[in-house]
1. Only Cα pairs under 8 Å and at least 6 apart count here; give the relative contact order of the chain as a rounded whole percent.
2. Is the shape of the chain best called rounded, prolate or oblate, per the rule: a/c under 1.5 gives rounded, else a/b larger than b/c gives prolate, else oblate, with a ≥ b ≥ c the square roots of the Cα gyration tensor eigenvalues?
3. Just to verify a number: what accessible area does M97 come out at with the full protein assembly present, 1.4 Å probe, Å² rounded to tens?
4. If you roll a 1.4 Å probe over the chain with all protein chains in place, what percent of the accessible area is carbon or sulfur?
5. With a 1.4 Å probe and every protein chain left in place, tell me how much accessible area K19 has, in Å² to the nearest 10.
6. So if R0 is 25 Å, what FRET efficiency would T32 and D80 give, r being the distance between their Cβ atoms, rounded to the nearest 0.05?
7. Ignoring ligands, DNA and RNA, what accessible area per residue does region 50-181 give at 1.4 Å, in Å²?
8. Amide H to amide H, which residues 5 or more places from G88 or on other chains are under 5 Å from it, using H placed in the peptide plane?
Amino acid sequence: FGYFAGGWSPGPGGPYHYKLTIIDRIDYSNDTATAVAKSTITSSRYYGSGAGNASYGYFAGGWTGSANVSTMDRLDYSSDTTAAASKGPLREGRSSMGAAGNGSFGYWCGGNAKTIVDRLDYSSDTSTAAAKGPLSQPRSNIGGTGNASYGYYAGGENPPSPTSRSTIDRIDYSNDTPTSS
């Protein structure tokens, strides 16, 4: 399964945005079907990012419409209709980050034109995320993906300049403290 949390939708008759707390699930074995609402995150927000392992999904950060948040929520896949539990948090409130991870750690990178890399240790997920990295340049609106050894963070922009970034940063999980390559 794949899980998506938060977001916004336009208000009736206008540009007003309703922030969502919904966690939707897509079934990979039937990926043409509509996603199903399964659970909720602890607060409404959009522009957050998610990472996870085989047991849990973590949704962190985001924008409330008036402030960036450091909130992190954990969804237990074995009971995905139960509301997500508050965990983390990130070191500071951010939105528009890239996220990826492996079986042990999740990494939330960039956002708000920053080079910040936060690492969550899944085995002690109530602690504040630890400082790692940084990225090679400040970015917002970046994408993240990875495998068991590396996290890749690509694209984005460096507001207030509308210049798009074509850089891909790689974080080596075995040595995650230097600037990403």
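The values are calculated or read from the model by the stated rules, or taken from the named source; none is laboratory data. Keep in mind the model is a prediction, meaning the values are calculated, not measured. Here the Cβ is made from the backbone with ideal geometry for all residues, glycine too, and neighbour counts use every protein chain on show. What goes into the accessible areas is simple: the full protein's heavy atoms, side chains included, and nothing from ligands, DNA or RNA. Shrake-Rupley method; radii C 1.70, N 1.55, O 1.52, S 1.80 Å.
1. On the way: 510 pairs, mean separation 24.1, N = 181.
Contact order relative to length: 13 percent.
2. On the way: a/c = 1.58, a/b = 1.18, b/c = 1.34.
Oblate.
3. Per-residue accessible area (M97): approximately 10 Å².
4. Details: 4360 of 8710 Å².
Within the chain, the accessible surface is 50 percent carbon and sulfur.
5. Result for K19: roughly 70 Å² accessible.
6. Working: r = 21 Å, r/R0 = 0.82.
Step by step, r from the Cβ atoms, then E = 0.75.
7. Numbers: 5550 Å² over 132 residues.
Per-residue accessible area for region 50-181 comes out at 42 Å².
8. T126, S127
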